[in-house]
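This report refers to the structure that appears directly beneath it.
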Amino acid sequence: MSEEGIEQRARAAAGRWARWRLGPSGFADLITKVEAEPLRYGRLITRYAVRTASWQEEPNAGRACTSGQPLVLESLDLWSASPEQLAERSSHLAPCGTCGGDGQVTCPTCSGTLRASCGGCGGTGKQMSRARKSFRLVNCRDCRGKGTKKCTRCTKGQVSCSKCRGSGAMRRWLRVVTAQRTHVGVWPEDKRLSAHPGLREDSRRAPLWGGAQALASVETEGPIPSSGVGAAAQAAGFPAARPSLEPALHPLRDRILTQVLDVFEAPSATVHFEFAGRRGFIKLLGSDCRPTADSDSTPLLRRAGILLAVAVASFLAAQVLLAAFLSRHPFYGAAPGSGGVALATFGLALGACLLTATRLRRRQVDGRTAPGRWHDRLGPSLSGVSALAYLGLFLLIQPSAAELSRLTAAGQLQEAELHAGALEARRETSSEYIEARNAFVTARARGMENRAAVELISHFVGSGAGTEPLEAERRRLREAWVASALAQEQESVVEQELEALRQEGAPEALVNGLRAELESRRVAKGKELLAKGRVEEAIHALTRITAPGLAAERPEPLLTQAYLAQAQGCPERNLHCRAEALKRAVGVDTAGAAQVALASFRTAELARLQKAARPSGNIGPALRALREAEADAGGLLTFFEGDAELTAARQALLARRQELIRDRLPFNEPVEVAETLLGSSGLEEQRPGVLKVLSAPAGTLAFLFVDKGMARGLYVTSTGHAREALSATALQQVAKSLTGQEFAAKDLVRSKPGVAHVQVRLGSHSALLGWQDGALVEASIGKVEP
């Protein structure tokens, strides 16, 4: 192909290559030079075999083996014979590596000790056993507590070797594996060769490519001799490049099977161009001018990066400009010209991108500017027109009072609301606007629900200029809403509206009149509920009155009557309820009836407490009665603070209780005695009939067992029952504090192993001590249920 034909194809191929890399239109004008030259190159395909060897072994089964020294693998030529012959020649006997040739190994179960771990107890020698309805640790029945048994797997601590199956010898032989591999070497090292399809692969695609001419192809069994490479390969520099084209082979392991040598010649062209003030190039290969990896596309990438940055910045700037127009008020978004503003901002962004693309195309390496073309004017023109359109629309689209009046008269209230809102946000105070606004708000509120109308009026009343008609209309709407809420007994709504009227500066006479109607309704409702006997609801209704002086009837007598009725309805033993109701009645009573009722209540309760200080009968019921009376006295003193007689009655109750429990102990007494001696925080019920003693020493648990109201049993153990020993000192401390007796020192010592329960005496009480391997673990005194 002629040099002119190659240059034309190279220019066309470079243009296609630039388009795929976001190059500019008219790339052919940016090409400065095309260099064409032929390229001669080739490849060497080497197919070779690799042998690897490894020692294999198996138990000796009596097969014949070679004698003498075994083969040395590192110095053995694996191609000296076939794999089968090498395996036969290398076969020999070797001692077993596991047993050392003895055929026997130490038993893995007992490690040669003839004693194996017991499977029944896991080697601990202990098992859980149920005794007397509880679980205890006992000696294992299989190993009798030793934890080991005689090993049944081995003979004198030895077992047969599993690897050599007891023969003591292994047959070893050499296993040889052959693998075929292919290596393709290409010369010279040139990035342009990446365009030749299949060149670096072991395939027939490379010689069939029409873009290059195959000059020679040589294929031989084994290595190609130096004399057989041919003149074309000699001219292409194959002899000098051959050492780097062949794979590195091991002389004793690898062998070349075949070699194929191909030599090619293809036309090559280098296209140089200038763009965006930078130089670049692309190298092409073949008669069809394929682009290769050898190229410099920095100018195109720089242009794409700059255009992308400008496009992003322009888009963000367009969003900012559009938001600056629309964010002033919703009116501007609904105005007829708002679409034109959006188009103007888009035109500004597009014009900035076109202007940047033009500047990059015309900029040359030496700082000069290339001649302009007709479409270079699109960027500046579009940017200028869009900017003027944006500024014009920004200034011309404005709300007006005249348009507000026209829309209100035409009944287009939604459009008029946008005008009024925009003018109000602009703090318009002209007389024309005030008149138009008041007319619009009055017309708009007329067709709205009460709450929405009040909200609308409140929005426009905020300016304070000429809003008197609007304020009067808002008060009228609130009065109507209060009347509706009173009819529906929605008191919370009425309260909210009255507070709103007060804050809006409504006349005091209007607010008090509405308040008087509300309070009168509350009094009437409380009176009706009280007559029906619904005391709690009546109190709730009457206590909600905040201005009793405005009601048609004073609520205090009714409230006093309700509190007295509440006190009479309290349960007989609920003194707190009665006292609270009487106290509240005294707080609102104006006639003195509540004072008399409260004094009578105090006198009756004082007499009852004085009588309770002289209990009769058994000690258990007496202590229970004293405890209840003392609690009542404390509750009464919270209402009658500093009352001397009530305080004296309470002291008498406490003194009588101390007299009854003097010289008594918690054990073997009514449970009320234990509760009194140990206090309300000293016992905790675990289950019915079992009380936990919370004052036990650290690391110790103590439980009282109650039978028919009497503390008949005591059980003491450690917090880690059956895992930790019970301290003798702690046991003596618990026994002394609860029974008044101590164990004999000889009873708290035992040296015999195993689990046992020993019967002992604790003064006049019988006790049972639990032992495990000489350690005390528990103590049961009296009647203890498991």
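The values are calculated or read from the model by the stated rules, or taken from the named source; none is laboratory data. All values reported here derive from a predicted model rather than from experimental measurement. For neighbour counting, all protein chains shown are included, and Cβ atoms are generated from backbone atoms with ideal geometry for every residue, glycine included. Note: areas computed on protein heavy atoms with side chains; ligands, DNA, RNA excluded. Shrake-Rupley method; radii C 1.70, N 1.55, O 1.52, S 1.80 Å.
Key figures
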read-out	value
Cα-based Kirkwood hydrodynamic radius, the stretch 260-381, one decimal, Å	18.1
Proportion of all alpha-carbon pairs of the stretch 598-757 beyond 28 Å (%)	39
Measure of compaction for the stretch 147-201 (Cα Rg per 2.2 N^0.38 Å)	3.05
Full-stretch length increase - ARG573, ARG446 - with 0.36 nm per residue and alpha-carbon distance subtracted	39.4 nm
Trypsin sites (Lys or Arg not before Pro) lying in DSSP loop within the stretch 401-462, provided at most 11 other Cβ fall within 10 Å	ARG427
Mean Kyte hydropathy of 0.0 or more with a Cα span along the axis of at least 15 Å, helices from DSSP in the chain	298-326, 338-362, 378-396, 413-425, 450-461, 575-588, 593-612, 619-639, 728-739
Å² per residue, accessible surface of the chain at 1.4 Å	54
Mean separation of Cα contacts under 8 Å, 6 or more apart, over the residue count of the stretch 178-318: relative contact order %	26
Added length on full extension, which subtracts the Cα-Cα distance from 0.36 nm per residue, ALA524 to ARG165	118.3 nm
Of all accessible heavy-atom area on the stretch 641-705, the percent that carbon and sulfur account for (1.4 Å)	45
Accessible area of MET710 in the full protein assembly, 1.4 Å probe (Å², nearest 10)	40
Approximate spin-label separation ALA179-ALA593, in nm, with each point projected 7 Å along Cα-to-Cβ	11.1
Average projected area [Cα convex hull, the stretch 376-475], square nanometres	8.0
ARG47 versus THR113: modelled label distance in nm, points set 7 Å from Cα along the beta carbon direction	6.6
Using a Förster distance of 60 Å, the FRET efficiency for ARG362-SER431 (Cβ separation, nearest 0.05)	0.50
Accessible surface of the stretch 169-318 [probe 1.4 Å, protein heavy atoms]: carbon and sulfur percent	55
Surface share of carbon and sulfur [accessible, 1.4 angstrom probe, percent] for the stretch 20-102	49
Dipole axis of the chain (+1 Lys, Arg; -1 Asp, Glu on Cβ), positive-most option in TRP173, LEU501, VAL588	TRP173
Inter-probe distance in nm under a simple model that places probes 7 Å from Cα toward Cβ, at ASP663 and PHE346	10.9
GLU645-LYS736 FRET efficiency (beta carbon distance; Förster radius 41 Å; 0.05 resolution)	0.45
Potential extension, ASP707-LEU486 segment - 0.36 nm per residue separation minus Cα distance	73.0 nm
14 Å cut-off, amide nitrogen to a point 7 angstrom out along TRP79 Cα→Cβ, residues in the stretch 165-189	178-181
Restraint check, LYS126/LYS150; LYS708/LYS783; LYS692/LYS752; LYS692/LYS736, Cα-Cα greater than 24 Å	LYS692/LYS752
